[in-house]
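Engineer: One structure, as structure tokens, below. Some questions next.
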Amino acid sequence: MPNNAEVFEQLNLWKETAIKLFDNSTDSVSITDRNQIISALNTIGTSTASNHMFMPSGGGLDLIGARPSFEKGLVELSLDGTAKIVNPESLTFHPIGDDPQWWYYRLNTTAFPHSGVYKGNSFEDDDELRFLGEELLEVEQGNYKERFYWDENHLGHDENGREIPLPDTARIVIRANNGGDYVIFPKFSAYNHNPRTYDARHNKMNGDTFEQYIKNIVQELIMKD
């Protein structure tokens, strides 16, 4: 567990990173240009100020960075070793109050077409599970197959019955094709340390409603002081 001095230093770094990212502004800022979104996410992910990104399906992972996906117009997030492809709509900075532990970013994403690998609409009617997306084996760019090939560690058998090995380029990719919204808080924030926030509550509220929800928490804390 970090001590109070380490938490204080981390939150100050979080504040400094955010202010520099948006030209010394402490006002709410929203960007929609994909290249700017990628640049901002890389700044957040590579900063020494540790972060935690909350998923629209529940749970969360640390953001490491972002890059353009080979799928035109999409963005690939790097999350603790997980590659997730999303369709960003906007990235908004919300500096709530004076305490930077409540300063957060919201990444809104929209739906995009299925890969066509899996047939049927599994989880499509579930308000949370549908945001899990498609978990696929990317054999190489543009070549997706079912996840089970990764678990089998080969691509089936050739005409002689020999296993077809996975190429070095093979990896697991999640295509978050049903959209959904993400929020990024400091890793050492009260929001991240509350296990109940893993319920994807942010994705059950629109941006304005969630912002007000956080403002209400901050106001309650101020009144207690």
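Derivation of every value follows stated rules applied to the coordinates shown; laboratory data play no part. Just so you know, these numbers come straight off a predicted model, no measurement behind them.
Engineer: Enumerate the lysines that Lys15 could reach by cross-link, defined here as Cα to Cα under 18 Å, with residues fewer than 8 away along the same chain left out.
Structural biologist: Lys187, Lys215
Engineer: Using the alpha carbon gyration tensor of the stretch 136-225, what are the three equivalent-ellipsoid semi-axes (square root of 5 times each eigenvalue), largest first, in whole Å?
Structural biologist: Numbers: eigenvalues 433, 36, 18 Å².
Gyration-tensor ellipsoid for the stretch 136-225: 47, 13, 9 Å.
Engineer: With θ set to phi - 60°, apply the Karplus curve 6.51 cos²θ - 1.76 cosθ + 1.60 along the stretch 206-222 and write out the HN-Hα couplings as whole Hz, x wherever there is a Gly or Pro.
Structural biologist: 6, x, 5, 5, 5, 4, 5, 4, 5, 4, 5, 4, 4, 5, 5, 5, 4
Engineer: Output needed for the stretch 24-119: three equivalent-ellipsoid semi-axes, defined as square roots of 5 times the C-alpha gyration tensor eigenvalues, in descending order, whole Å.
Structural biologist: On the way: eigenvalues 122, 44, 33 Å².
Values for the stretch 24-119, descending: 25, 15, 13 Å.
Engineer: Now a separate question. Quick one: which residues, 5+ away or cross-chain, put their amide H under 5 Å from the amide H of Val183? H built at 1.01 Å from N.
Structural biologist: Phe54, Leu107
Engineer: What residues qualify as long-range amide H neighbours of Ser50, i.e. H under 5 Å apart, gap of 5 or more or another chain, H built at 1.01 Å from N?
Structural biologist: For Ser50, whose amide H was placed from the backbone, the distant partners under 5 Å are Lys187.
Engineer: Taking the C-alpha atoms of the chain, how large are the radius of gyration and the largest Cα-Cα span, Dmax, in Å?
Structural biologist: 19.5, 75
Engineer: Let me ask something additional. Under 17 Å Cα-Cα from Lys84, which lysines qualify once same-chain neighbours fewer than 8 residues away are excluded?
Structural biologist: Hits, sequence-local ones excluded: Lys72, Lys145.
Engineer: Please report the spacing between the Cα centers of the stretch 61-76 and the stretch 150-213 in Å, no decimals.
Structural biologist: Comparing the Cα centres of the stretch 61-76 and the stretch 150-213, I get a distance of 12 Å.
Engineer: So, one more: ³J(HN,Hα) across the stretch 110-119 via Karplus (A = 6.51, B = -1.76, C = 1.60, θ = phi - 60°), whole Hz, x for Gly/Pro?
Structural biologist: Result, rounded to whole Hz: 10, 6, 8, x, 4, 6, x, 5, 9, 8.
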